Amino acid sequence: MGRVQDGGTGKARKNALDRDLRGYLDTNADILTVIEKPVSLDVIPALSAQSEGPILFENIIEKPGFRLCDILVKHRWSQCRALGVSEKDYLPTLAQRLRKPPRGFVAVDDGPVREVVMTGKDVNWLELPVPTHTEGESDPYITAMTILRDPETGFYNTCNAGTTPTHPDRGLVSFVTPHSYAVLKKWRERGETRVPVAFVWGVPPAYEIMANFSGLHMDLWGELEMVGTVMDQDIEMVECETIDMTVPAHAEIVAEGYLDISELFDFGTSVSPSMYYMPRHQKLPQVHITAISMRKDRPIYRNHQTSPDTDHQPLPRLCHEAVLYNRITEMGLTCHDVRFPTWGAALSCIIQVEYPRAGFVNDALLQCMGAPWLNTKMVVAVSPDTDPGDPAAVYHAMATRVDPARDIIVVPNTRGSLFDPAAAPIEGDYPWRTVGKVGIDATAKSRPDVKDFERAWPRHWGKVKLEDYLG
Ligand SMILES: [Mn+2]
């Protein structure tokens, strides 16, 4: 982490986060895997999904002009780097910053993302290193940060809308967030059919975490206006070439154009964060790309490999964790962590809480089960001595700390996820589903005897390492 002097005060700024992705990767080289060997774009999905931390492919056989990176935020130990804080401070920091007012943008005249600008016949986004993510998909799949402007408020809504490039200057875009739907509805109600849109690749991961915010906010700010708030520094935005919008000046690549919302096209499947091919068919609007701008020196294409355990499960839920942390804390309960683990398939969340007295844990479970989103079908509460990042530890707590008749809450017939194959499709209302919810209190209890819940460990456990005794 670079430390910079704050103008005039002489004090080092605490959060001198890198303002671009390449700086971020340099700063965090200690957790970055760099692949120098030539790699075919065809195998990059299977390779990057084997990485636990950030990975950068320097030499893509079919696309020598580009680099590709992925897996920036799969684990807490990499997520915390996005905010420049310790692993322990990460969630409380994000939770508190999300309660602050929006910092907005700083407009600049130029930026590195405009070193190369292509318009007209030079536009061809099929030239970008866009991988095909899974065996069952026939097309490459773009997972960029997508920006829409709210025509009423001017706020910048963002999400990662899965996009299939079908032609050099066209593609089909799958918007899945309720707020991007709401923004598009406002354009439609104004009689507009051409909606300006920008696709952004290669920004520091704090942008991506905030870009996926979902909660109350639309009357006060858009996701992008809050990026500076969660980074605790100003965000520079530069004007687009062909549309009336600004984009992050320090991005690696931007494609801009307009969505034609007058017509929807049938499209097949893509991969859900639950790692299934769901929904099976979609009706999508077409985007027309009118300009592509990028950095000159081997721009970094940011891919989000969609399956199996990748950024695809945690990234859209990192702000959810912070929102739930705020809810649980508001009850007066000490919350150590909230996780949507990759292995929970974006349908399950784990809360790590203290046990102050009877009643608290069930209310905390209900808070999470009743969350606004469709991904808290199974909520598990664990105690501070259970590592929520370790599936075996969570399973052990569920096996040993739960009296099933007493510690499991089941609620039938709630809103189900579109991505949950066990949820029942609602007839005549595709692709919506219903499903039950389950809350499991796997915390250490005061009954029958709290001493019974003390785990047994060897002496020096966690202090001596086998690897130090090898060779
Ligand atoms: Mn939103």
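The values are calculated or read from the model by the stated rules, or taken from the named source; none is laboratory data. For clarity, every value in this text was computed on a predicted model and none was experimentally measured. Note that each Cβ is placed from the backbone with ideal geometry, even for glycine, and that neighbours are counted across all protein chains shown.
Quick notes on this one:
- Counting the residues of segment 191-221 that are within 13 Å of the ligand (Cβ to nearest atom), surrounded by fewer than 24 Cβ atoms within 10 Å (Cβ to Cβ), under 24 Å from I261 (Cα atoms) and of a type in the set (G, A, S) gives 1.
- Residues that are in a strand (DSSP E or B) and either crowded, with 23+ Cβ neighbours inside 10 Å or not β-branched (V, I, T) (or both), drawn from segment 56-79: L56, F57, R67, L68, C69, D70
- Taking (1) assigned to a loop (DSSP other than H, G, I, E, B); (2) more than 10 Å from the ligand (Cβ to nearest atom); (3) of a type outside the set (D, E, K, R) in turn, T229 satisfies each apart from (1).
- All of (1) under 22 Å from L418 (Cα atoms); (2) among the polar types (S, T, N, Q); (3) in contact with a Phe, Trp or Tyr (Cβ under 7 Å, 6 or more places away or on another chain) hold for S383 with one exception: (1).
For every residue, the table says whether it meets (1) crowded, with 21+ Cβ neighbours inside 10 Å; (2) modelled with pLDDT under 95; (3) in a loop (DSSP other than H, G, I, E, B).
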residue: P101; (1), (2), (3): no, no, yes
residue: V113; (1), (2), (3): yes, no, no
residue: P131; (1), (2), (3): yes, no, yes
residue: E137; (1), (2), (3): no, yes, yes
residue: P151; (1), (2), (3): no, no, yes
residue: T158; (1), (2), (3): yes, no, no
residue: G171; (1), (2), (3): yes, no, no
residue: K185; (1), (2), (3): no, no, no
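- Of everything in segment 155-190 that is of a type in the set (S, T, N, Q) and more than 30 Å from P101 (Cβ to Cβ), the residue that is farthest from the ligand (Cβ to nearest atom) is T166.
- From the options A29, A82, A16, residue that is buried (at least 21 other Cβ atoms within 10 Å of the Cβ), among the small types (G, A, S) and not assigned by TED's automatic domain parsing to the domain that holds E135: A82
- Annotation note: Cβ proximity below 7 Å between a residue of segment 339-362 that is surrounded by fewer than 21 Cβ atoms within 10 Å (Cβ to Cβ) and a residue that is in a helix (DSSP H, G or I) (sequence gap 6+ or interchain) occurs for W343/P391; Y355/V361.
- Residue tally, condition among the acidic types (D, E), assigned to a helix (DSSP H, G or I) and over 19 Å from V230 (Cβ atoms), over segment 303-336: 1
- Residue in segment 139-154 that is farthest from the chain's Cα centre (by Cα), counting only those that are β-branched (V, I, T) and within 16 Å of the ligand (Cβ to nearest atom): T153
- Filter result (hydrophobic (A, V, I, L, M, F, W, C) and surrounded by fewer than 21 Cβ atoms within 10 Å (Cβ to Cβ)) within segment 370-381: A371, W373, L374, M378
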